[in-house]
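**Student:** Right, I'll just put the structure down here and ask away after.
The values are calculated or read from the model by the stated rules, or taken from the named source; none is laboratory data. No experiment lies behind these values; they were computed from the predicted model shown. Backbone-built Cβ (ideal geometry, glycine too); neighbour counts: all protein chains shown.
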Amino acid sequence: MHVSEYWERQKWDWDSTEYTGVSLQIGDNKFTTAKFINNRLSLSLAELERTHLFSSHYNSFGGPAVFSNDMIRSFYSTMTIKDEKGVDHILVRDFLESRGYDESIISYWTDSLIRNFVLQPEMQDGPLSVVRKNNTVFIDLYYIIKGDAADLNYNGVLSHLHGEGPYRDFVAQGFKLWEDTYFVDGQEINAYVNLHEKAESHKKTQKYFTIDISRKSGTPSVSLGLFRNWAYSYPGNMTIRTGIKDNDDLEPDYVMIDAAHELGHILGLGDAYDVVKNRWAPRSREDNYNRSMLQNIADYGFNIFSLHGKDVKQNYLFRGAPLNSVPKNDIMRGGDEISDFTFKLVLDGIKTNEMRHYPKR
Ligand SMILES: [Zn+2]
């Protein structure tokens, strides 16, 4: 089933009958007055008025702030409803539509009879969106692939395999490793990864992150740039290194694992390495043999000073290590499995919109 069809079918699946409570969050605003009125999700107008969501509307009409609150109220009057006490509530769906938000970026799910609704406005046309619709999670990635190795094949210097590739496909396959069933907070969750490489014809407002697939050897990374924090609207840019330049072609399986790990950073996760030495241990005897001592030393030096993510620096400097809750083979711990714990951190991001770090020992 095509994803957009799925969304069509799930459209406003906001039936209230089984739930006792509602939790509504739009951006950083966590509302306390949300409730269902006639099965429709609503929010008190007074609470909405206290947020920038409401007041910024009239600025978007284009003129200076010449509209009074009353005028704004009258604009919204067609989408308000009174609760049983006669208090004005705004219909959340109508309000969001009027603000131009696509319902595809609205997450909803149920925890212990509480119906949760979360919308992160910056997911709209952003390079990354993570949206939960009940027990299905859609990870949508919008990216541009560049780099001198993107269209090159793996030529298996040591294993004598030839012509597999190109590398851009291994990266895409690595992203798809996140498609799995996870068990989070007592619920089974199916995750899908939708890849949207920038096409010739594309939506003008859509933003992309870049994936640089390089011929050089070295450690893959996600770079956020100086003084930038992770956000859905700015998840960083990825570099994948293939080693082709040194006749040291990285095997497809390793590229996939690298891509999956780096996608973890794009999704806002820190690293979970135990100690820094684990990170640069040779991946295999062949791998070790294939790299010269000098290259190993150069990689090591390079890696220490280009650590991607605040927490890995701290892990290195302070020998912090994750708790046992993170499986040893977790993708963010240098392994090749995406654990339930890691996926839970991804889901937490829907609410926090901040980088999530693994616990320290
Ligand atoms: Zn990492």
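**Student:** Looking at Tyr76 and the list (1) at pLDDT 85 or above; (2) buried (at least 18 other Cβ atoms within 10 Å of the Cβ); (3) not hydrophobic (A, V, I, L, M, F, W, C), which single condition is not satisfied?
**Tutor:** Status for Tyr76: all satisfied but (1).
**Student:** Additional query: Of all the residues that make up segment 207-221, how many are in contact with a Gly (Cβ under 9 Å, 6 or more places away or on another chain) and in a loop (DSSP other than H, G, I, E, B)?
**Tutor:** Total meeting the criteria: 5.
Yes or no, residue by residue, for (1) in the same structural domain as Ile37 (by TED's automatic domain parsing); (2) touching a residue at least 40 places away in the same chain (Cβ under 8 Å):
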{"position": "Asp70", "(1), (2)": "yes, no"}
{"position": "Tyr76", "(1), (2)": "yes, no"}
{"position": "Met79", "(1), (2)": "yes, no"}
{"position": "Ile90", "(1), (2)": "yes, yes"}
{"position": "Phe95", "(1), (2)": "yes, yes"}
{"position": "Tyr101", "(1), (2)": "yes, no"}
{"position": "Pro127", "(1), (2)": "no, yes"}
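**Student:** Moving on. Looking only at segment 228-259, filter to residues that are hydrophobic (A, V, I, L, M, F, W, C) and surrounded by fewer than 22 Cβ atoms within 10 Å (Cβ to Cβ); which one of those is nearest to the ligand (Cβ to nearest atom)? I'd like the intermediate steps shown before the answer.
**Tutor:** Let us first name the residues in segment 228-259 that are hydrophobic (A, V, I, L, M, F, W, C), namely 230-231, 238, 240, 244, 250, 255-257, 259.
With the extra rule that they be surrounded by fewer than 22 Cβ atoms within 10 Å (Cβ to Cβ), the set shrinks to 231, 256.
On the way: Ala231: 18, Met256: 15 Å.
Looking at residues that are hydrophobic (A, V, I, L, M, F, W, C) and surrounded by fewer than 22 Cβ atoms within 10 Å (Cβ to Cβ), I get Met256.
**Student:** Within segment 109-149, can you find the residues that are within 23 Å of Ala172 (Cβ to Cβ) and aliphatic (A, V, I, L, M)?
**Tutor:** Correct list: Met123, Leu128, Val130, Val131, Val137, Ile139, Leu141, Ile144, Ile145, Ala149.
**Student:** List the helices (runs of 4 or more DSSP H) inside segment 244-297, counting only whole elements, that have at least 1 residues being more than 26 Å from Asp151 (Cβ to Cβ), at pLDDT 85 or above and assigned by TED's automatic domain parsing to the domain that holds Gly225.
**Tutor:** Details: elements: 252-266, 276-279, 285-290.
Helices (runs of 4 or more DSSP H) meeting the threshold: none at all.
**Student:** Looking for something out of contact with any Lys or Arg (no Cβ under 6 Å at 6 or more places or on another chain), assigned to a strand (DSSP E or B) and surrounded by fewer than 17 Cβ atoms within 10 Å (Cβ to Cβ) - is there at least one such residue anywhere in segment 98-113?
**Tutor:** From segment 98-113, those out of contact with any Lys or Arg (no Cβ under 6 Å at 6 or more places or on another chain) are 98-106, 108, 110-113; that's our starting set.
Still in the list and also assigned to a strand (DSSP E or B): 106, 108, 110-111.
If we keep only those that are surrounded by fewer than 17 Cβ atoms within 10 Å (Cβ to Cβ) as well, we get 110-111.
Yes, segment 98-113 has at least one match.
**Student:** Output yes when any residue across segment 200-208 is under 27 Å from Glu122 (Cα atoms), within 16 Å of the ligand (Cβ to nearest atom) and within 15 Å of the chain's Cα centre (by Cα), and no when none is. Talk me through it step by step, then tell me what you get.
**Tutor:** Of segment 200-208, the ones under 27 Å from Glu122 (Cα atoms) are 200-208.
Then drop every residue that is not within 16 Å of the ligand (Cβ to nearest atom), which leaves none.
No, every residue in segment 200-208 fails to be under 27 Å from Glu122 (Cα atoms), within 16 Å of the ligand (Cβ to nearest atom) and within 15 Å of the chain's Cα centre (by Cα).
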